[in-house]
Amino acid sequence: MPATVVVGTQWGDEGKGKFTDLLARDMDVVVRYQGGHNAGHTLVVEGQTFKLQLVPSGVLYSHVTPMIGNGVVIDPRVLIEEMDRLTEAGVDCGRLKISGNAHLIFPYHQTLDVVAERHLGRNKLGTTKRGIGPAYADKAARVGLRVQDLLDPKIFREKLGVVLHEKNPLLAKVYNRLPFDLDTVADEYLEECGPRLAPHIADTVGLLHDSLEAGQNVLFEGAQAMFLDLDHGTYPFVTSSNPVAGGACVGAGIGPRHIDRVIGVTKAYISRVGSGPFPSELTDEIGDHLVDVGREYGTNTKRRRRCGWLDTVMLRQAVRVNSLSDLAITKLDVLDALDPIRVCVAYEVDGERRTSMPYHQSEIHRAVPIYEELPGWRTDLSKVGDRSELPQAAEDYLCFIEEQAGVPATLVGVGPGRDQFITFSPVP
Ligand code: GDP
Ligand code: IMO
Ligand code: MG
C-alpha cells in the first residue's frame, strides 16, 4: 500500500506541481487533499506550460486517476473552466474524481474575502481573494454546502437560503455591498455546474482505499505549504487549511499508517507572497535578482513574490512536523550566478542564538537571521542531468542542506521542464 505525500516546506510555490507531475509517472492515483484555487501549480512538459489550480498534477498521464479529496474547497465555475482549458490543450479530464464531501466556494465567499481584506487595511493578510478563508469558515461553522448538494436541488436551495439569510445582511449592513439573489446563484450552480460535474462526483474515500488495497501507488499532492498551515504556519498570515502531511489523512480519508514516504519540496532559496514575517527576506538587489531569474511572480495572481535566502531553521521545523523522509530541492539553477550564497542556519532573538523555530509569533517577527556563507558555482546548471556533472560548489551546497535538514535530498530541480532534474541521494 505505498502512499507518498508531497508537501511544501516554505510559504508555497516551491515547485510542488513539477515534482508531483514527475513522480506521477509511477503513480496510479494522485490526490489533492486541501486548499482550493488559491494554489497555482506549474508544469512544463515538452515546452508546453500547464497552470493547475484544482486539478491534481497527475492529470497529464492517461494511466493516472486524479482525485480531489474531501479537504479541498471548490469553486465549481473555476474547476469547470480549468477542465475546459485542459481539454482544449489535449488533456483528458474524464478520469477526474471529485469528493462529494468537498465544500463549495460561492460568490459571497469571494466578496467576503475581498471586503475583509479591505477592512484590515495595512494589516491585511494578502490573501489570494479567492474566497478560501470564508469557505473554510463556513465548513467549520457547519453551514457550508458540499459538492454532493449539487445533486439535490431541493436541499441545495434550502441550505443556500439559510446561508444567504445571514450573509446578505452582513454584506449589506457591515460592508455596504449588494446582496446575492438566491435564485441567480442557485440556478448557476445547479443548472450549469451540477450537470457538468455530476459524472465526476464520487466516494473518493472508497475509491482510494480500493486502490490502496489493490497495491496501487498513490500520491498526495499538497497545496500551499508548511508555513501557510493554519495550525503550524505563521498565523494569522496563513491559509485556512492544513497543508502539512498530516492534512492528507484528514483531507483524503486515510490513516497515517498508509503513508510511507513524505517528500518536502524545498526551493533552493525562499519566496513568499502576501503579508507576514520572513526573517531571511532580501530587499536588496540580490532579492531582485532572485525574482528576475526565478520568475517569482504568482502563477495565478501575478503578484511579485518576496524572496530571500534559504532558512534551515524553517526547514528543520518542516522535517519534524511533516515527518519528512526526503527533500526535493527545486530551482538550484536560479542561484547559478550568485557568489557567495548564504544560508540562514539560526536566528538571533533578543541576544540569544536559536536553532529551532520560536513558537511565539513576536519572536519570529524579531528574529535576525544568522548566516553561513558558501561559495557559489558560477556555472549554468540547466543542462546538468547527473550528480557527477555538478560543480563541486553546487554539490557542497546540496550536502550542506542535507546536513542541516537531517534528511537526504533525493531529487534536485535545475530548470522548470519535467526532464530538468537530477537524482542526488538514494531514496531512504
Ligand atoms: P508550486 O505552487 O509549488 O507548484 O510552484 P509554482 O508552480 O507556483 O512555482 C514554481 C515555479 O518554478 C514554476 O514556474 C515552475 O515552472 C518553476 N520551477 C519548478 N522547478 C524549477 C527548477 O528546478 N528550476 C527553475 N528555474 N524553475 C523551476
Ligand atoms: P501554492 O499551492 C503561495 C498565501 C496567500 C496569502 C495566504 C492566505 O501554489 O504553493 P488564502 O487565499 O489562501 O486565504 O491566502 O496564503 N497563499 C499562497 N502563497 N502559494 C500558494 O499556493 C498559496 N496559497 C495561498 O498569498 O499570503
Ligand atoms: Mg504555486
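The values are calculated or read from the model by the stated rules, or taken from the named source; none is laboratory data. What you are looking at is a predicted structure, and each value in this text was computed from that prediction instead of being measured. Ideal geometry is used to build each Cβ from the backbone, glycine not excepted, and the neighbour counts take in all protein chains shown. The protein model used for the area step is the full one, side chains on, heavy atoms only, and it has no ligands, DNA or RNA in it. Shrake-Rupley method; radii C 1.70, N 1.55, O 1.52, S 1.80 Å.
With the structure loaded, tell me whether L23 is farther than 25 Å from L230 by Cβ, crowded, with 20+ Cβ neighbours inside 10 Å, in contact with an Asp or Glu (Cβ under 8 Å, 6 or more places away or on another chain) and not basic (K, R) or whether it fails that test.
So L23 fails the test.
Counting only residues that are over 15 Å from the mean Cα position of the chain (by Cα) and more than 24 Å from A367 (Cα to Cα), give me the strands (runs of 3 or more DSSP E) lying completely in the stretch 224-331 with at least 3 of them.
By residue number, 259-267, 326-330.
Checking V44 against (1) more than 27 Å from R146 (Cα to Cα); (2) touching a strand residue (DSSP E or B) at 6+ places or on another chain (Cβ under 9 Å); (3) part of a loop (DSSP other than H, G, I, E, B); (4) more than 13 Å from ligand 3 (Cβ to nearest atom), which test does it fail?
If we test V44 against (1) more than 27 Å from R146 (Cα to Cα); (2) touching a strand residue (DSSP E or B) at 6+ places or on another chain (Cβ under 9 Å); (3) part of a loop (DSSP other than H, G, I, E, B); (4) more than 13 Å from ligand 3 (Cβ to nearest atom), just (3) comes out false.
Is one or more of the residues making up the stretch 24-47 of a type in the set (S, T, Y), in contact with a Lys or Arg (Cβ under 9 Å, 6 or more places away or on another chain) and more than 16 Å from ligand 1 (Cβ to nearest atom)?
no
Consider the stretch 294-351. How many of its residues are basic (K, R) and near ligand 1 (Cβ under 10 Å from one of its atoms)?
Step one: of the stretch 294-351, the residues basic (K, R) are 295, 302-306, 316, 320, 331, 342.
If we keep only those that are near ligand 1 (Cβ under 10 Å from one of its atoms) too, we end up with 295, 305, 331.
Summing the residues that are basic (K, R) and near ligand 1 (Cβ under 10 Å from one of its atoms) in the stretch 294-351 gives 3.
Within the stretch 323-344, which residues are closer than 18 Å to M226 by Cα and open to solvent by less than 60 Å² (accessible area, probe 1.4 Å)?
L324, S325, D326, L327, A328, I329, T330, C344, listed by residue number.
For the stretch 304-322, enumerate the residues that are buried (at least 20 other Cβ atoms within 10 Å of the Cβ) and without any contact (Cβ under 8 Å) to a residue 40 or more places away in the chain.
Residues satisfying the conditions are R306, C307, G308.
Quick test of your reading of the structure: T87 fulfils all but one of (1) more than 14 Å from the chain's Cα centre (by Cα); (2) touching a residue at least 12 places away in the same chain (Cβ under 8 Å); (3) away from ligand 1 (no atom under 16 Å from the Cβ). Name the failing condition by number.
(2)
Working carefully through the options S388, S382, find the one that is assigned to a helix (DSSP H, G or I) and out of contact with any Cys (no Cβ under 6 Å at 6 or more places or on another chain). Before the answer, list the steps.
Details: S382 fails: assigned to a helix (DSSP H, G or I).
Exactly one residue qualifies, and that residue is S388.
Could you run through the stretch 321-360 and say how many residues are in contact with a Ser or Thr (Cβ under 7 Å, 6 or more places away or on another chain) and more than 16 Å from ligand 3 (Cβ to nearest atom)?
Residues flagged as in contact with a Ser or Thr (Cβ under 7 Å, 6 or more places away or on another chain) and more than 16 Å from ligand 3 (Cβ to nearest atom) within the stretch 321-360 amount to 9.
Does T111 satisfy the criteria of being β-branched (V, I, T) and within 16 Å of ligand 2 (Cβ to nearest atom)? Please lay out each step first, then the result.
On the way: β-branched (V, I, T): yes; within 16 Å of ligand 2 (Cβ to nearest atom): yes.
When the stated conditions are applied, T111 passes them.
Out of H37, H109, report the one residue that is touching a Gly at 6+ places or on another chain (Cβ under 7 Å) and either hydroxyl-bearing (S, T, Y) or within 22 Å of K139 (Cβ to Cβ) (or both).
Answer to the check: H109.
Here is a list: P358, P428. Which entry is under 25 Å from the mean Cα position of the chain (by Cα), in a loop (DSSP other than H, G, I, E, B) and under 20 Å from Q10 (Cβ atoms)?
Answer to the check: P358.
Looking at the stretch 34-51, which of the residues that are exposed (fewer than 13 other Cβ atoms within 10 Å of the Cβ) and at negative phi is nearest to ligand 2 (Cβ to nearest atom)?
Applying the filter and picking the extreme gives T49.
I'd like the full set of residues that are at positive phi and touching a Lys or Arg at 6+ places or on another chain (Cβ under 9 Å), limited to the stretch 75-134. Steps first, please.
At the first step, the residues of the stretch 75-134 found to be at positive phi are 90, 121, 126, 129, 131.
Selection gives G126 alone.
Being basic (K, R) and either in a strand (DSSP E or B) or within 10 Å of ligand 2 (Cβ to nearest atom) (or both) is the filter here, so list the residues in the stretch 1-33 that pass it.
Across the stretch 1-33, the qualifying residues are K16, R32.
Being under 18 Å from Y269 (Cα atoms) and within 12 Å of ligand 1 (Cβ to nearest atom) is the filter here; which residues of the stretch 371-419 pass it?
The answer is D380, L381, S382, L411, V412, G413, V414, G415, P416.
If V73 meets every condition in (1) open to solvent by 10 Å² or more (accessible area, probe 1.4 Å); (2) in a strand (DSSP E or B); (3) within 11 Å of ligand 2 (Cβ to nearest atom) apart from one, which number is that one?
Among (1) open to solvent by 10 Å² or more (accessible area, probe 1.4 Å); (2) in a strand (DSSP E or B); (3) within 11 Å of ligand 2 (Cβ to nearest atom), the lone unmet condition for V73 is (1).
Kindly indicate the residue of the stretch 267-303 that is open to solvent by 20 Å² or more (accessible area, probe 1.4 Å) and of a type in the set (K, R) and also farthest from D229 (Cα to Cα) among those meeting that condition.
Selected residue: R295.
Within the stretch 218-230, does at least one residue satisfy the condition of being surrounded by fewer than 17 Cβ atoms within 10 Å (Cβ to Cβ) and either without any contact (Cβ under 8 Å) to a residue 40 or more places away in the chain or farther than 20 Å from R305 by Cβ (or both)?
For the stretch 218-230, residues surrounded by fewer than 17 Cβ atoms within 10 Å (Cβ to Cβ) and either without any contact (Cβ under 8 Å) to a residue 40 or more places away in the chain or farther than 20 Å from R305 by Cβ (or both): absent.
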